[in-house]
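S.K.: Got a structure for you, questions after.
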Amino acid sequence: MKQQRVFAAVIAAVALTSAASIPTAQAAQPGFYIGGFYGQSDKDSDIQDYRAYAATRIYPSPVVQLTVESLTDSLDTKDSAFGFFAGYRFNTHFAVEGGYMDLGSVSYRGKPRGNITGVPTEATVNFDSSTAGLTVSALGIWPLSYRWEVYGRAGALFSSNDFSIYYNDVEQDPRTDQFSDNDVDFYAGIGTSFNFLEIYDVRLEYQHILDAGDKNTDEADANVISIGITVVF
């Protein structure tokens, strides 16, 4: 399924590049540029996965030994996203970019109540999952006028994924743990840009990352909406 979605994203980018061959008003000129962006990410994480992790890995562990009788919890899948990049535009319709992207964190907060060896206990369990890494992508560009253009993107995120754990109850000292894993996540995007003062472009872009993260640190699709700026050398 993942490969099919990646294939569809690549086909969409290629189609946009092909469409760009239609004569249009030329906007930016070939050459090097740098830029950055800031926006919001939203990951399609499932709170049931976090509940299951706590129920199988945390509460019954030999150190904790918590029998849960009730639970209040929440999952925040939205966070700030940012990145920076450098690119080279080969011609009116094609460019490549490499850079860094940070998708922020997914935060789970739980308040289990129960007992430890028969003693009533209230506890706190926090999980935080974050994804960031290097990116490489190709852009198919279609100028709409001298200053306006739209573009499609297809690329890969070489992600570093962190997962942190915090547990505390009234009977024991707080316990923490953290681990990391790496993965390759494919992504696609579509955006528009406006040129001003000849060397600057303001961008508005939507990106969809397929299976962001990895199976050990919360793997799920992520969406990013961002605003950015580029400067041509």
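The values are calculated or read from the model by the stated rules, or taken from the named source; none is laboratory data. As the structure is a computational prediction, the values presented were derived from the model and not from experiment. For neighbour counting, all protein chains shown are included, and Cβ atoms are generated from backbone atoms with ideal geometry for every residue, glycine included. The accessibility values were calculated without ligands, DNA or RNA, using every heavy atom of the protein model including side chains. Shrake-Rupley method; radii C 1.70, N 1.55, O 1.52, S 1.80 Å.
S.K.: Based on alpha-carbon positions alone, could you give the equivalent ellipsoid semi-axes of the chain from the gyration tensor, as √(5λ), descending, whole Å?
M.R.: 45, 16, 13
S.K.: Given a 1.4 Å probe and every protein chain left where it sits, what share in percent of the accessible area of the chain is carbon and sulfur? Can you show the working numbers first?
M.R.: On the way: 7110 of 11690 Å².
About 61 percent, which is the carbon plus sulfur part of the accessible surface.
S.K.: Can you give me the solvent accessible area of residue 71 with a 1.4 Å probe, rounded to the nearest 10 Å²?
M.R.: 70
S.K.: OK, next. Are there chymotrypsin sites (Phe, Trp or Tyr not before Pro) in the stretch 53-105 that DSSP marks as loop and that have at most 11 other Cβ atoms within 10 Å, and which are they?
M.R.: For chymotrypsin sites (Phe, Trp or Tyr not before Pro) across the stretch 53-105 that sit outside H, G, I, E and B with at most 11 neighbouring Cβ atoms in 10 Å, the list is empty.
S.K.: Here's another thing I want to ask about it. Where Lys and Arg each count +1 and Asp and Glu each count -1, what net charge lies around residue 104 among other residues with Cβ under 11 Å from its Cβ?
M.R.: Every neighbour counted, the sum reads -3.
S.K.: Grab the other residues whose beta carbon is less than 15 angstrom from that of residue 84, score K and R as +1, D and E as -1, and report the net.
M.R.: Computed value for this residue: -3.
S.K.: Work through the residues other than residue 93 whose Cβ is under 14 Å from its Cβ and net out their charges, Lys, Arg +1 and Asp, Glu -1.
M.R.: +1
S.K.: Does the stretch 176-233 come out rounded, prolate or oblate, given a ≥ b ≥ c as the square roots of the eigenvalues of its C-alpha gyration tensor, rounded meaning a/c under 1.5 and, failing that, prolate meaning a/b above b/c?
M.R.: Cα axes put the stretch 176-233 in the prolate bin.
S.K.: While we're looking at this one, here's another question. So, for the chain, what is the accessible surface per residue at a probe of 1.4 Å, expressed in square angstrom?
M.R.: I get 50 Å² per residue for the chain.
S.K.: Okay, next question. How far apart, in nanometres, would the label points at residue 204 and residue 115 be if each is projected 7 angstrom from Cα along the Cα-to-Cβ direction?
M.R.: 5.9
S.K.: Now, a different point. Within the chain, how many Lys pairs sit with Cα atoms under 17 Å apart, leaving out pairs fewer than 8 places apart on the same chain?
M.R.: Within the chain, the lysine pair count is 4.
S.K.: Please list 122, 205 in order of solvent-accessible area, largest first, computed with a 1.4 Å probe with all protein chains present.
M.R.: Highest to lowest solvent-accessible surface, that is 122, 205.
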